[in-house]
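The block underneath contains the structure these notes are about, expressed in structure tokens.
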Amino acid sequence: MTLEAQPYGIARECAHILPSGNRCAQFARKHQPFCRAHAGVHRRQQNEEVWNVIQSIPEMDLVTLTALLQDTIVNLRAKTMPPLHAETVTAHILTRLESIEGTLEEVLIASE
Ligand SMILES: [Zn+2]
């Protein structure tokens with residue numbers, strides 16, 4: 001089974017894990033991984049997680065940024081991250097990479 005096997009649009013069960021540890025038995029909303037009841041809560045949690053990640057990007061080093069970029073692409077492909085979140089995180093990663101590149105150039109120029 002590939003990641004492509006369950007595209008959005010095919011009726012499937014909600015991905016929300018209930019406090020009991022079982023998965024919610026409702027059908028997911030069209031084009032969404034969650035049912036109507038869990039879409040809101042999940043979206044708020046996802047939003048908070050992405051917000052926290054974005055806040056920490058300016059302090060990240062190259063290795064951490066690379067790992068985050070990889071995670072973002074994997075989540076985007078697995079459709080576990082909304083494309084707009086992935087786009088926003090990627091934009092912040094690129095800004096941070098440009099800043100690191102600028103710092104490296106300054107160091108190289110200073111050492112010449
Ligand atoms: Zn649900």
*Using Cα atoms only, what is the angle between the long axis of helix 36-56 and the major principal axis of the chain, expressed in degrees (0 to 90) to the nearest 10?*
10
*Considering amide H positions built from the backbone, and no H for Pro or chain starts, which residues 5 or more places from E13, or on another chain, come under 5 Å of its amide H?*
A28
*Counting other Cβ atoms within 10 Å, which chymotrypsin sites (Phe, Trp or Tyr not before Pro) in the range 5-83 have at most 16 and lie in a DSSP loop?*
Y8
*With axes computed from alpha carbons, what is the tilt in degrees of helix 62-77 against the longest principal axis of the chain, rounded to the nearest 10 within 0 to 90?*
30
*Two-site FRET efficiency, L94 against R29, from Cβ-Cβ distance with R₀ of 22 Å, rounded to 0.05*: 0.10
*asked:* Cut-off 10 angstrom, C-alpha nodes, Gaussian network model of the chain. Which of P82, P58, P19 fluctuates the most?
replied: P19
*With an 8 Å cut-off on Cα pairs and a minimum separation of 6 or more residues, tell me the relative contact order of the range 4-112 in percent.*
17
*Just flag the trypsin sites (Lys or Arg not before Pro) in the range 25-112 sitting in loop per DSSP whose Cβ has no more than 11 other Cβ atoms within 10 Å.*
K30
*State, to one decimal in nm, how far the label point of A67 lies from the label point of Q46, with both points 7 Å from Cα in the Cβ direction.*
2.4
*What accessible area per residue, rounded to a whole number of Å², is obtained for the chain using a probe radius of 1.4 Å?*
75
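Give me the percent of the accessible area of the chain that comes from carbon and sulfur atoms, probe 1.4 Å, all protein chains in place. Let's see the in-between values first.
Values: 4830 of 8380 Å².
Carbon with sulfur: 58 percent of the solvent-accessible area.
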*Springs between alpha-carbon atoms under 10 Å, Gaussian network over the chain: tell me which of E49, E59, E87 tops the mean-square fluctuations.*
E59
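The values are calculated or read from the model by the stated rules, or taken from the named source; none is laboratory data. What you are looking at is a predicted structure, and each value in this text was computed from that prediction instead of being measured. Glycine also receives a Cβ, built like all others from the backbone with ideal geometry; neighbour counts cover every protein chain displayed. For the accessible areas, the whole protein counts, side chains as well, though only heavy atoms, and no ligand, DNA or RNA atoms are used. Shrake-Rupley method; radii C 1.70, N 1.55, O 1.52, S 1.80 Å.
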